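The values are calculated or read from the model by the stated rules, or taken from the named source; none is laboratory data. This structure is a prediction, so every number in the text was calculated from the model and none was measured. In this analysis, Cβ positions are derived from the backbone assuming ideal geometry, glycine residues included, and neighbour counts consider all displayed protein chains.
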Amino acid sequence: MRRGIKKIPKYKKEEIIKWAKEAIDIEAKAALELKVRIRDEFVRAVELVAKSKGKVVSTGMGKAGIIAQKFSATLSSTGTPSIWLHPAEAVHGDLGRVSSEDVAVVFSYSGETDEIKALLPFLKKIGSEIIAICGERKSFLAQYADIFLNAEIEREACALGLAPTTSTTVMLVLSDSLAICLQRVKGFREKDFALFHPQGSLGRKLILKVSDVMRKGKRNPLVSEDKKVSEVLLLITQARAGAAVIVDKKQHLAGIFTDGDLRRHLEKTPDILSLKVEKVMTKNPIAVGDYMLAEEAMRILQQHRIDEVPVIDKKGKVVGLLDVQDLLKAGIV
């Protein structure tokens, strides 16, 4: 027997599809109705947070608290320092995290949640200004707040009209809009986003440079032009690389010798192993700068359909070897 359900009622596939679409329609309609409420109060909220010297303290109980947590996380990753504060824990010591320079954003649809009502006077006493994201304009929270953002809905998507569904969606959309406006007002850019997401795909693409992933030292076999091919192959094997970079006396790029070069010359030149590598290397190869973004280097490799490329510094000296496998391991795809 399932908890709270004596018998699962019969249903048709078409009914499930219909119920799902109804829920989507209810929540989408409520979200779109927010547009007419984006007025001066919303602008004030954006300006209040943007000008604040402190952080945003986001709080709420239950499902509203989960939306508050998401809002805090979005702010933190888009240029606005924020913490989430559990309202029940706050009055047992966590209020010490809040300062007078902070802005508190309080989520509560009814505005009458006991834990929220207990917290508000202390936020005021600390000196934090309060933004309410609430569905009841005459509620305790709405009256206590410095700015009221209206999250009122017509009805929940829940079949019983009880479980927070539409109301939390509206809170999410409203708070996301607030976060995105703050992102724009503060001029938060891609490179800033990448700095806060170094392990994310975008972060790696916008931060990692060729110098971070290139092979150097023993993993980068540099050889002179007069080395025999047999010696070069030994160095490539020892370095577990797919190529060796050929340099002149000033360490400037002269060429590259790859597995492909070896295969191309084997049939035509049986004594290739005894030849100097300058005779069979690829001269004037494509090279990338160590200062370039790794993603840019990846595009060059793909464009020219090559697997390895020499790396040079701004003075033209060879400083490394970039292999497509290293880029793939670094998440540059």
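Annotations for the structure displayed:
- Region 43-91, residues that are within 17 Å of residue 123 (Cβ to Cβ), polar (S, T, N, Q) and not in a loop (DSSP other than H, G, I, E, B): 58, 59, 72, 82
- Residues being exposed (fewer than 15 other Cβ atoms within 10 Å of the Cβ) and part of a helix (DSSP H, G or I) - total across region 232-259: 4
- Answer from 115, 136 - the residue that is surrounded by 15 or more Cβ atoms within 10 Å (Cβ to Cβ), assigned by TED's automatic domain parsing to the domain that holds residue 33, part of a helix (DSSP H, G or I) and free of Cβ contacts under 8 Å to residues at least 60 places away in the same chain: 115
- The listed residue being at pLDDT 95 or above and more than 29 Å from the chain's Cα centre (by Cα), out of 5, 38, 26: 26
- Verdict on residue 98 being at pLDDT 95 or above, in contact with a strand residue (DSSP E or B) (Cβ under 7 Å, 6 or more places away or on another chain) and surrounded by fewer than 24 Cβ atoms within 10 Å (Cβ to Cβ): yes
- Scanning region 262-278 for residues that are outside any loop (DSSP other than H, G, I, E, B) and either in contact (Cβ under 8 Å) with a residue 40 or more places away in the chain or touching a Gly at 6+ places or on another chain (Cβ under 9 Å) (or both) turns up 272, 273, 274, 276, 277, 278.
- A single member of 182, 206 is under 30 Å from residue 103 (Cβ atoms) and either assigned to a strand (DSSP E or B) or at pLDDT 90 or above (or both), and it is 182.
- On inspection, residue 74 passes the criterion of being polar (S, T, N, Q), at pLDDT below 95 and under 30 Å from the mean Cα position of the chain (by Cα).
- Which numbered condition residue 120 misses (of (1) on the phi > 0 side of the Ramachandran plot; (2) at pLDDT 95 or above): (1)
- Scanning region 282-307 for residues being in a helix (DSSP H, G or I) and either in contact with a Phe, Trp or Tyr (Cβ under 9 Å, 6 or more places away or on another chain) or not assigned by TED's automatic domain parsing to the domain that holds residue 229 (or both) gives a total of 0.
- For region 5-42, a tally of residues being assigned by TED's automatic domain parsing to the domain that holds residue 160, among the aliphatic types (A, V, I, L, M) and not in a helix (DSSP H, G or I) returns 1.
- Taken over region 265-295, the criterion of being of a type outside the set (Val, Ile, Thr), surrounded by 14 or more Cβ atoms within 10 Å (Cβ to Cβ) and at pLDDT 85 or above is satisfied by 273, 275, 276, 278, 281, 285, 287, 289, 290, 292, 293.
- Residue within region 308-316 that is assigned to a helix (DSSP H, G or I), crowded, with 20+ Cβ neighbours inside 10 Å and in the same structural domain as residue 221 (by TED's automatic domain parsing) present: no
- Leading residue by the ranking (farthest from the chain's Cα centre (by Cα)) among those in region 47-65 that are surrounded by 20 or more Cβ atoms within 10 Å (Cβ to Cβ) and either over 28 Å from residue 91 (Cβ atoms) or of a type in the set (Ser, Thr, Tyr) (or both): 59
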